[in-house]
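The values are calculated or read from the model by the stated rules, or taken from the named source; none is laboratory data. Treat the numbers as computed from the prediction; the structure is a model and nothing was measured. As a convention, Cβ positions derive from the backbone with ideal geometry for all residues, glycine included, and neighbour counts pool all protein chains shown.
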Amino acid sequence: MRLSDSTRTIIRQTVTELFGPDARVLLYGSRVDDAARGGDIDLLVVLDQPQPDAARKALTLTARLQLRLGDQPIDVLVVDPSTRLQAVHEAALRQGVPV
């Protein structure tokens, strides 16, 4: 995983602020590969309860992380029990590693 310990801590804290302590966050995509270089930070937030304002919170999470980590590309997906899983969600769930 190509994220520093401090970056991982900031991500976890920010996800908890917005989605609560039960939210899980997974890193997927190129940053999971230690041999790769560059790439954006792809995050999947997994929730056990439906979240009616998940889209707004995902945008807020992206903005807060960019302020806290520096202006860099960050993509956030959110899944909860009401989410109709698409291929990208399934791949992230399969490939993702806890932050």
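Can you tell me which residues in the stretch 2-17 are under 12 Å from the mean Cα position of the chain (by Cα), surrounded by 14 or more Cβ atoms within 10 Å (Cβ to Cβ) and more than 10 Å from VAL99 (Cβ to Cβ)?
The one that is under 12 Å from the mean Cα position of the chain (by Cα), surrounded by 14 or more Cβ atoms within 10 Å (Cβ to Cβ) and more than 10 Å from VAL99 (Cβ to Cβ): THR14.
Taking the stretch 34-43 only, how many residues are outside any strand (DSSP E or B) and either surrounded by 12 or more Cβ atoms within 10 Å (Cβ to Cβ) or touching an Asp or Glu at 6+ places or on another chain (Cβ under 8 Å) (or both)?
Of the residues in that region, 2 qualify.
Do we have SER30 as modelled with pLDDT under 95, more than 16 Å from GLY96 (Cβ to Cβ) and not acidic (Asp, Glu) here?
Criteria not met by SER30.
Residue by residue through the stretch 64-88, note down the ones that are buried (at least 17 other Cβ atoms within 10 Å of the Cβ) and either free of Cβ contacts under 8 Å to residues at least 60 places away in the same chain or outside any helix (DSSP H, G or I) (or both).
The answer is ARG64, LEU65, ILE74, VAL76, LEU77, VAL78, VAL79.
Provide a single number: the residues in the stretch 50-63 that are surrounded by 15 or more Cβ atoms within 10 Å (Cβ to Cβ) and either part of a helix (DSSP H, G or I) or within 13 Å of the chain's Cα centre (by Cα) (or both).
The number of residues fulfilling the criteria is 6.
Does the stretch 23-32 contain at least one residue that is loosely packed, with under 14 Cβ neighbours inside 10 Å, of a type outside the set (Ser, Thr, Tyr) and not in a strand (DSSP E or B)?
No, there is no match, as no residue in the stretch 23-32 is loosely packed, with under 14 Cβ neighbours inside 10 Å, of a type outside the set (Ser, Thr, Tyr) and not in a strand (DSSP E or B).
Checking VAL46 against (1) out of contact with any strand residue (DSSP E or B) (no Cβ under 6 Å at 6 or more places or on another chain); (2) surrounded by 11 or more Cβ atoms within 10 Å (Cβ to Cβ); (3) in contact (Cβ under 8 Å) with a residue 12 or more places away in the chain, which single condition isn't satisfied?
Checking VAL46 against (1) out of contact with any strand residue (DSSP E or B) (no Cβ under 6 Å at 6 or more places or on another chain); (2) surrounded by 11 or more Cβ atoms within 10 Å (Cβ to Cβ); (3) in contact (Cβ under 8 Å) with a residue 12 or more places away in the chain, the one that fails is (1).
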